[in-house]
1. Is it true that B:I124 is within 14 Å of chain A (Cβ to nearest Cβ) and under 28 Å from B:F196 (Cβ atoms)?
2. Which condition number does A:S140 fail, the rest of (1) modelled with pLDDT of 95 or more; (2) assigned to a helix (DSSP H, G or I); (3) closer than 20 Å to A:D261 by Cβ being met?
3. Give the residues of the stretch B:49-62 that are closer than 15 Å to B:I85 by Cβ and at the interface with chain A (Cβ under 9 Å from one of its Cβ atoms), sorted by residue number.
4. Checking B:D65 against (1) more than 13 Å from every other protein chain (Cβ to nearest Cβ); (2) within 13 Å of B:I202 (Cβ to Cβ); (3) touching a helix residue (DSSP H, G or I) at 6+ places or on another chain (Cβ under 7 Å), which test does it fail?
5. Could you tell me which residue of the stretch A:185-220 is surrounded by the most Cβ atoms within 10 Å (Cβ to Cβ), considering only residues that are in contact with a strand residue (DSSP E or B) (Cβ under 6 Å, 6 or more places away or on another chain) and closer than 19 Å to B:K193 by Cβ?
6. Across the stretch B:190-208, what is the number of residues that are over 17 Å from B:G67 (Cβ atoms) and either touching a residue at least 60 places away in the same chain (Cβ under 8 Å) or outside any helix (DSSP H, G or I) (or both)?
7. Residues of the stretch A:243-263 being over 12 Å from A:D222 (Cα atoms) and surrounded by 20 or more Cβ atoms within 10 Å (Cβ to Cβ), which ones?
8. Could you tell me which numbered condition B:Q13 fails, if it satisfies all but one of (1) away from chain A (no Cβ under 14 Å); (2) at pLDDT 95 or above?
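The values are calculated or read from the model by the stated rules, or taken from the named source; none is laboratory data. Just so it is clear, the structure is predicted and the values come from calculations on it, not from any experiment. Here Cβ is always computed from backbone atoms with ideal geometry, including for glycine, and neighbour counts include all displayed protein chains.
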Amino acid sequence: MITTWSIPDKVEDLYPQKALELEKNRRVLVDFFLKNKFELISPAMIEYADNVSFNGKSVDSDMFKLSDPLSGRLIGITPDLTIQTARIDNYLASSSNDIKSYCYCGPVLKADTSSFNQSREELQVGVEIYGNEKIEADISVVSTLIKSLKLLKIKNILLSFNDISIYTAFLKSLALSAHDSKQLRSYFAKKDLVSIKNLLGKNLNSSKISKIELFMDMFGDDKSLKKIQEFFVGNKVILDRLKNLKKIMSALPASVKIIIDLSDVDFYEYHSGFIFSAYSSKFTSPVAKGGRFENLTTNFGKKRPAVGFTFDLRSLLFVG
Amino acid sequence: MLTIALSKGRIFQETLPLLQGAEIECKENPETSRKLILNTNNKNIRLLIVRASDVPTYVECGGADIGIAGKDVLDEFDSANLYQICDLKIAKCKMMVAGPKSYDYQKAMQQKSRLKVATKYTKITKEFFAQKGIHIDIIKLYGSMELAPLVSMSDLIVDLVSSGQTLKANNLVDYEKISDISSQLIVNKASLKLKFDEIQPIINAIKNSVNEN
């Protein structure tokens, strides 16, 4: 008789029925991506840790690390295939403007997971478009996500939109220390005004605290966009970003409900512009996440505009 | 269907007027009923009666869409999957460092002494003393923290202090405030987005009631 559970916490074996379901879903999605001219890549599972570390703590802290007996260097088991894709794109793109579209489906391992029901082992599926800074790439990626989720029979899809550059610009206007800015991001992600007041209360005047409170209220359906635009009157950069969000919203099917949430900043730190999450009833956390990540590619050589999404195919098996 | 998780006792009593502001009235009294799911005047809204420390878990896991939880529980729980949407300004108290009257707290802080601290709030306590550069050994207790320094098990305690009467009755004094504590309205992140049309009016009504008080 087995008296102890023999695999680590937050990973699981898939038995025949679920394993077959996973494989069928993988095939459906990869076929769909190939049909839509995304090139399939299969990134390496391990990576030099310093290739990932410079992208910010959030990716780095998600990574299992070990010493490579061949090189003596620290290597990490990839927690996120976007970084590998950016590295691969750097080799494959002939120039900064060369438009490349990739898709992938591979295992990733997360050292920790904040969500109560999330496995540390994921089968991460995603698409990414490099070299296209135009809004058409954003629309293409979000449309592909919607179609992908529908192919997997995920119903009642809701998208949450934001542009991280609006949050960054707002934060800059508060002139905070690097330490406070970093801490503040996790509080914004929770809309936790009490902790923000505790952190900054002594250093910020009440008008700035009120501004933060108003910023956190910048949340709602498409009707709230007008209120958000009024809040940023006179700030051309932010108004342009909001206009960009509006254009993306207008280009998507009316059947998909969209929420705007300017304090939804719970994303990897390599994101730089338009960001989004997909939700669906029966799921208590986002089904998929994605967005722009212009800064990431610079670390590998070429500065390339990029946008994409990822989600975990395994987690979809255990809902319903 | 919207589900609101809250605990019996003081939080429930102080939450009722706020819920009434959102036109939500509970039909039963949780103090006399053994039911754990209570109906309201709105057939699409129900209340879950759970332990105060379990409220964030119910909301994070999607067992409830909305919850009322103390800031102490939320800071200790530290969930990334819920919003702390509004300070309800009820069930107010303070998270304090306390110890025996005879203890020289200022000297211990200056000397950066290694301290024994009894508490059930291990995360909050670790973070507080880490910011001061003081190493502590935590003694995890689930209640009657005041006893620990009295029987020389710890130098200090970290606990919630309301009137201060329990400290006084046990010859303890509070030395330093860690934070003000009050109940917060929390919402599951996915619920707020997926049920925006139902939840947002409730949030607005509760915020209005809080501001009127």
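1. no
2. Of (1) modelled with pLDDT of 95 or more; (2) assigned to a helix (DSSP H, G or I); (3) closer than 20 Å to A:D261 by Cβ, only one is false for A:S140: (3).
3. Matches in the stretch B:49-62: B:E60 only.
4. So B:D65 meets the others, but not (1).
5. If we take residues in the stretch A:185-220 being in contact with a strand residue (DSSP E or B) (Cβ under 6 Å, 6 or more places away or on another chain) and closer than 19 Å to B:K193 by Cβ, then A:D192 is surrounded by the most Cβ atoms within 10 Å (Cβ to Cβ).
6. The total comes to 2.
7. Within the stretch A:243-263, A:L262, A:S263 meet the criteria.
8. Every condition holds for B:Q13 apart from (2).
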